[in-house]
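Take a look at the structure below.
Just so it is clear, none of the values below were taken in a lab; they were calculated from the coordinates. Keep in mind that what you see is a predicted model, and the values were worked out from it rather than measured. Reconstructed Cβ throughout: ideal geometry from the backbone, glycine too, with neighbour counts over all protein chains shown.
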Amino acid sequence: MKVKVDPGAYYPVRAHETDAGLDLRANEAGMVPPHGSKTFGTGVHVQLPHGTGGLLVAKSGLNSKNAVTSTGLIDEGYTGEIHVTLHNGSDMPFIVDHGQKISQLVVIPVLYEDVEIVDELDESERGENGFGSTGR
């Protein structure tokens, strides 16, 4: 995967060799308001391999300690700067420093399936049973 980094930004790296995600760092400082959101630039641009997508995943420490989450999807053809929207689920403002780890980039395989419009779907064991249908 090719990576370009803007001046002053940090290269995406894995903390450990076998980590699934590459840590992304904020290329700017800011504050995420309580129960609000803010988008941060990372200064990172990627050229994803054909047949993949980039999944932005919350840092587990930010989530468990501060109720801060992030998610997003980067399409294969996008080569612009990766921006991360942080969502603050707590009652306290969350301060982000320049260079702070804010999200992870996981490269995932993608199937480019054709869409077939039908009147009915094949039957399955679960069917239309949704939230909570499998019990506790």
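For the stretch 2-109, what is the relative contact order in percent, using Cα pairs closer than 8 Å and at least 6 residues apart in sequence? The value is 37 percent.
Spatially, the stretch 1-47 and the stretch 86-131 are offset by 19 Å when compared through their Cα centroids. If you run the Gaussian network model on the chain, springs between alpha carbon atoms under 10 Å, then out of Arg126, Arg25, Arg14 the most flexible one is Arg126.
Per residue of the chain, the DSSP helices (runs of n ≥ 4 H) give a summed -39500 (n - 2.57) that works out to -1500 deg cm²/dmol at 222 nm. Taking amide H positions as modeled 1.01 Å from N, with prolines and chain starts lacking one, the residues under 5 Å from Ile102 and 5 or more places away or on another chain are Leu24, Arg25, Ala26.
By the count of other C-beta atoms within 10 Å, a proxy for reagent exposure, Lys59, Lys101, Lys65 are ordered fewest to most as Lys65, Lys101, Lys59.
Between Thr52 and Val110, the built amide H atoms are under 5 Å apart, and every one of these is 5 or more places off in sequence or on another chain.
Sorted fewest first by neighbouring Cβ atoms within 10 angstrom, Phe131, Phe94 come out as Phe131, Phe94.
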